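Here the structure is laid out as structure tokens; the discussion comes afterwards.
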Amino acid sequence: MERHQYAAGRHRNLSRWVGAALALAAFALYVRTLAPGVLPADAGEFQFVPWLPGIAHPTGYPLYILLGWLWTHLLPLGSVAYRMNLLSAVAAALAVAAVYGLARRMLAQSLPDTPPPAQIGAAAVAAATFAVTPTFWSQAVIAEVYALHALIVALILGQALRFGAQKNRRNSLLLALLFGLGLTHHSTTVLLLPALLLYLWLADRWGGPQTSPAEKARWLAVHALVAAAPLLLYLYLPLAAPGTPYATLQLSEHQTLTLYQNSAAGWLRHVTATVFTGQVQPEAVGPERFGLSGRLLLQQVGWVGILLAALGVAALTRRRCFAVLALTGAGALAIAAFNLIYFIGDVFVLFIPVWLIICLWLGAGVLEISHRIATRFVRSRLKSTREYTVGQIKERLQTNMTRLVAAGLTLFFFAIPVAQVVTYFSAVDQSANRAAALRWQQILSEPIPESAILLSNDRNEIMPMWYKQYVDRQRPDLTGLFPLIVPEPAFANVGRVLDEALESGRPVYLIKPMDGLSLKAELTPNGSLYRAAAYTAPPAHLLDIPLPPATINNHPQSVTLTGFDVMPNPAAPGSSVAVTLHWQAAQPLSANFTSYVHLLAPDGRRVAQSDHQPGGNYYPTSLWQPGEPLRDRHTIVLPADVAPGRYTLRAGMYVQPEPGVLIGMGDGVDIGEVGVE
């Protein structure tokens, strides 16, 4: 008895050391590949919001924001941006340790016939593999919420297993508290609820130690209150709103943007993320969505990892570990199913808890195959040796040899995380990523007029500017705008945002070339920026020519040509002629049309032409608003051998829905002449 207790104690100590070593190794890797400073996108937002503290995009992430506020103000290390990046590395390393502990507990409970050292080795392989799955690793080196989310998910699953094995009130209350903290951090934690309930039912733990209906109801009420208590952190949002500098942006006396409405209705919309409900599209799920999920899985653990995970599921099934399979399988299935119907650009990060569970199954597969090989190997070796003893001595020898061989075999599977590190190191490494910091250092050093508006088509590009303003206190007079900064039609796309910016009367600059916006404004290079000014001059040649409608999906669509400009006229052979077409849409257009200007000789022969998509990628015809005036500039290059004379300008529009098929708004209209001299 004492010998078994001593061995169990040694295994516990070894397990603690292994868990700590995994966490430290993961932390060292994350710090080595950590982003050094300011970042774009959500990472940029999560670098300045906790420092203030302010309000993050829905659902607000109050747990992360408040932890980040404490972290950035108590840790005097590097810039605020670096500190928030480092917080992710710390949370990710702790998540690796938590995954190890979770895997160790799951393997001990589900495969108790396997040697404890082999369980430790297999759990270490599972945790190490998860640590370097490229998606999780990528979130460990930037300021993001997903490292902390993975930590909380691992703690919830581990506590569920602990409660399943040790039925007591403390374990059940801690599970409820962790679940509530998960909801306070990331709303997708709710997807674990069906798996948790199913596990508790299958593990015969529903209701805890009570038996009567009244006691069960009381037990449920208490645990529901404990789970709901952390949700009070969401009350942080209305408290922080008055001090959040970007909660309201004033463009002009009559233009106010409310990014967070500090009311009960506004709070509810924010914490429930109603702005994203349109991205839930179950009707849009098709084979390509399942293909995406499969490719992501293959990227995380490779074919060997997938096969080992399948072997792990088979081992759990063979041992009738249905409660554990329900907890892990139902949890992974619920999260994956939601991700299939949730059409956002970075949905891949929401799969991280699925990869965590896959790695748990992978660990079970590693343990199963190592134990089986070790058992057969030892038996074959003992059969070939002389029977020098019998009974307990031989049995003990077989047990010790099996334990040693099985544990040794698990070490070979560390080739999986090692291969992942080698494969994805350069892709994940952010240690040299200074692009956003350098770009905004360049922009803010330029002589930009007071109270100017800086505009981009991409929210991600503006977040570093807000960091510079709110953390470094650089140019707080400037305003950064982007599409969907507020969920209003006037800010639905970059063209309409430009309209609002110009209407404010403030200086307006584009932070990068967006040539398609020349439809709406005069764009002039100004340092590394582009000054935007509203058009004021009418076309030199006024017209009012509605083009014949083009029928797209049984809907007629047309535009009106309201005028044109030609410079120079006349022109010399071999020179360029600038032709500006002035358009006005009669109704919203559903397709991205191509406009053209053809130069025709007196005999109808085409001498030169220009065809392009007006608005380019930034403001194509499908975004045009009915009635708005737009200027579409074409350049025609005259042949060097063109004969002197008068040539006709013909303009029009067409769309090419598929190769070889053209649908035009009529055959074009003749709008004027160009002389060649």
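Brief remarks on what is shown
- Scanning region 532-546 turns up no residue that is under 30 Å from residue 441 (Cβ atoms) and β-branched (Val, Ile, Thr).
- Condition met for residue 83 (in contact (Cβ under 8 Å) with a residue 40 or more places away in the chain, assigned to a helix (DSSP H, G or I), in the same structural domain as residue 410 (by TED's automatic domain parsing) and charged (D, E, K, R)): no
- Scanning region 424-434 for residues that are touching a residue at least 12 places away in the same chain (Cβ under 8 Å) and part of a helix (DSSP H, G or I) returns 424, 425, 427, 428.
- Qualifying residue in region 243-251 (condition: over 28 Å from the mean Cα position of the chain (by Cα) and in contact (Cβ under 8 Å) with a residue 12 or more places away in the chain): yes
- Filtered by the rule that a residue be free of Cβ contacts under 8 Å to residues at least 24 places away in the same chain and assigned to a helix (DSSP H, G or I), region 26-57 gives a lone residue, 28.
- Among the residues of region 325-353, those that are surrounded by 23 or more Cβ atoms within 10 Å (Cβ to Cβ) and closer than 20 Å to residue 110 by Cα comprise 327, 328, 331.
- For region 130-168, the set of residues classified as more than 20 Å from residue 82 (Cβ to Cβ) and β-branched (Val, Ile, Thr) consists of 132, 133, 135, 152, 153, 156, listed by residue number.
- Check on residue 655, in a strand (DSSP E or B) and closer than 28 Å to residue 490 by Cα: yes
- Matching option when the condition is farther than 21 Å from residue 631 by Cα and either surrounded by 18 or more Cβ atoms within 10 Å (Cβ to Cβ) or not β-branched (Val, Ile, Thr) (or both), among 495, 527: 527
- Any hit, region 515-524, residues being modelled with pLDDT of 95 or more, under 24 Å from residue 40 (Cα atoms) and of a type outside the set (Asp, Glu): yes
- Residue in region 620-632 that is farther than 21 Å from residue 516 by Cβ, within 46 Å of the chain's Cα centre (by Cα) and part of a strand (DSSP E or B) present: no
- Number of positions in region 135-189 that are within 22 Å of residue 23 (Cβ to Cβ) and in a helix (DSSP H, G or I): 28
- Candidates 450, 503: the one that is more than 24 Å from the chain's Cα centre (by Cα), surrounded by fewer than 18 Cβ atoms within 10 Å (Cβ to Cβ), closer than 27 Å to residue 562 by Cα and not assigned by TED's automatic domain parsing to the domain that holds residue 614 is 503.
- Filter result for the condition that a residue is within 22 Å of residue 349 (Cβ to Cβ), in contact with a helix residue (DSSP H, G or I) (Cβ under 8 Å, 6 or more places away or on another chain) and crowded, with 18+ Cβ neighbours inside 10 Å, over 39, 66, 111: 39
- The set of residues from region 287-318 being within 21 Å of the chain's Cα centre (by Cα) and among the small types (Gly, Ala, Ser) comprises 291, 293, 294.
- Tally of residues being of a type outside the set (Ser, Thr, Tyr) and part of a loop (DSSP other than H, G, I, E, B) across region 598-619: 10
- For region 561-603, filtering for residues that are over 29 Å from residue 642 (Cα atoms), surrounded by fewer than 16 Cβ atoms within 10 Å (Cβ to Cβ) and of a type in the set (S, T, N, Q) leaves 2.
- Strands (runs of 3 or more DSSP E) completely within region 447-565 that count 2 or more residues being β-branched (Val, Ile, Thr), in contact (Cβ under 8 Å) with a residue 60 or more places away in the chain and closer than 23 Å to residue 652 by Cβ: 550-552
- So residue 350, is it part of a helix (DSSP H, G or I), in contact with a strand residue (DSSP E or B) (Cβ under 9 Å, 6 or more places away or on another chain) and assigned by TED's automatic domain parsing to the domain that holds residue 105: yes
- Some residue of region 407-420 being within 25 Å of the chain's Cα centre (by Cα) and outside the structural domain of residue 44 (by TED's automatic domain parsing): no
The values are calculated or read from the model by the stated rules, or taken from the named source; none is laboratory data. No experiment lies behind these values; they were computed from the predicted model shown. Because the Cβ atoms are built from the backbone with ideal geometry, glycine has one as well, and the counts that use them run over all protein chains shown.
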